[in-house]
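To start, the structure itself, in structure tokens.
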Amino acid sequence: MEAATEERADHEQKEDGGAEQERSNSGTKAKEDLAAATLAVEELMYKIREIKTKAEQSETMVQEICRDIKKLDFAKKHITTTITALHRLTMLVSAVDQLQVMASKRQYKEAAAQLEAVNQLCGHFEAYRDVPKITELREKFKNIKQILKSHVFSDFSSLGTGKETEETNLLQQLSDACLVVDALELSVREELVKNFCSRELTSYRQIFEGAELAKTERRYAWIKRRLRTNEEIWKIFPPSWHVAYLLCIQFCKLTRTQLVDILESLKEKPDVGTLLLALQRTNEFEDELAEKFSGGTRNREIGSDIEEIDKVENNGQTISDIRKKYEKKLAVHHGSGTEEKDGHKDLLAPGAGAQMHVIRILILMDGLKTQLSNLLHYLGQPEQYYGFVSTEGMFWASDHFNFHGIISSCFEPHLSVYVELEEKTLMENLEKLIQEETWDTEEGSQTNILSSSMQVHFKLS
């Protein structure tokens, strides 16, 4: 029994010793594993630091490479710009030299195209204006343009002198010269057209300077004949220049100035017939110009419903004929012709005595004065109404100039002689009718109309 107990105790003691040994071995192994893990972590951190260092070195290297690439890009860009500029400079030098030769030989058609090319090339060197070579080329180009301008103006001075019939290629040369003018500044075109118009009107100025008022119609015949004769020749001008239109404007302004001088220099009042005939022809000429150049947009409907009065080419047209024409126009213009006649009939209604009859006649005369005043307003408007503009600034505004009144308005201050003549004629007729009137009425008649009533009405109508 005791032996079994001792054997069991020895066995338990052995088991406890084995367990303790195992625990001791496990702790040693754990320490070894911990040391190995620590060492592995340290090695990992070292590698991470090494990788980070290499990344920073790589980034620095990449930045340096990019910096070098940018420098190369800038260098390439500058080299390309330089090559392009040198190429354009070579083209500009060559183009300017060619243009100089063309200008000296008056090769206008080729010079016009070359001008456009040189202008475009010069535009590329705006940023290099201070470079001596560019400044020299620009100055040379400026001198060439001045030479071209003088050649063109010199050639155009022969237009209208008869050389165009002798030299068959002159018109074609002038047509090509217009291309050069368009390639130059706008001021060159304006100056050329202005000089041409002044030269065309030189003979007109000499012929009609101080001419009589009775020759007004010949003025308009002169310009119409000039336009008709030179229509084919003036086709050398581009349509956008509006040469004929601008010539007519200059003609109208010159004519107005001369007519004003003539009317103001008259020592006596002008003859009414001559004055009204000149005014009529002037209005007709203005209508023709408005129709030709702007479609006659102003008051075109006024004459549409009026029967056209036969034109008399000589000065034999009577004052009454001219007066009737403008009175009919005035009636249609105000749309009151019928109403005025009806009003006249009402004023001459039956039942009025002799004294009332005279008063009504005077009232009708006062109404006629108003009518004449309106007639003057219709025939001639102040300059503000017609929109007169100075010679400078009126070029190339072809759709806005109004020809109506540009000449005829100068007659307005001198139409008082017409009013005085009308009033004198009416007063004489009135006094004659009053003297001839018997002031008697028929006995048993239901009306009280004097025998002179109808005659007064007809004369006032």
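The values are calculated or read from the model by the stated rules, or taken from the named source; none is laboratory data. Keep in mind the model is a prediction, meaning the values are calculated, not measured. Neighbour counts are summed over all protein chains in view; Cβ atoms, including those assigned to glycine, are modelled from backbone coordinates with ideal geometry. Ligands, DNA and RNA are excluded from the accessible area calculation, which covers all protein heavy atoms including side chains. Shrake-Rupley method; radii C 1.70, N 1.55, O 1.52, S 1.80 Å.
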Hey, if we sort V188, V260 by accessible area with the 1.4 Å probe, largest down, what's the order?
V260, V188
For an R0 of 51 angstrom, estimate the FRET efficiency from the Cβ-Cβ distance between V41 and D10 and round to the nearest 0.05.
0.60
Rounded accessible area of D68 (nearest 10 Å², 1.4 Å probe):
80
Per-residue accessible area, 1.4 Å probe, largest first, puts Y128, Y418 in the order Y128, Y418
Cα Rg, Dmax (largest Cα-Cα span) when computed across segment 193-294, Å:
14.6, 48
Once you have the Cα-Cα distance between S104 and S240, take 0.36 nm times their residue separation minus that, and quote the gain in nm to one decimal.
46.2 nm
Bin width 10 Å, origin at 0, all Cα-Cα pairs of segment 132-268: what percent of pairs per bin?
10, 35, 28, 17, 8, 3, 1, 0
Using a 1.4 Å probe, how large is the accessible area of M102, given in Å² and rounded to the nearest 10?
30
E431 versus A75: modelled label distance in nm, points set 7 Å from Cα along the beta carbon direction
11.4
How much of F74 can a 1.4 Å solvent probe reach, expressed as accessible area in Å² and rounded to 10?
120
For I65 and E22, compute 0.36 nm times the residue count separating them, minus their Cα-Cα distance, and round to one decimal in nm.
9.1 nm
What is the Å³ per residue value for the convex hull set by the Cα atoms of segment 84-184?
80
Note down the net charge around V62, summing +1 for each Lys or Arg and -1 for each Asp or Glu among other residues with Cβ under 12 Å from its Cβ.
-3
Could you rank the peptides 272-283, 38-49 by their average count of other C-beta atoms within 10 Å per residue, with the highest value first?
272-283, 38-49
Please work out the FRET efficiency for the pair K142 and T202, using the Cβ-Cβ distance as r and a Förster radius of 45 Å; give the result to the nearest 0.05.
0.90
Between R88 and N195, the FRET efficiency computed from the C-beta separation at R0 = 56 Å comes out, to the nearest 0.05, as 0.95
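Subtract the Cα-Cα distance of D182 and A3 from 0.36 nm times their separation in residues, and report this length gain in nm to one decimal. Don't jump to the answer; show the numbers that get you there.
Values: separation 179, 0.36 × 179 = 64.44 nm, distance 14.24 nm.
Taking 0.36 nm per residue and subtracting the Cα distance, the gain is 50.2 nm.
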What percentage of the solvent-accessible surface of segment 60-213, computed with a 1.4 Å probe over protein heavy atoms, is contributed by carbon and sulfur atoms?
55
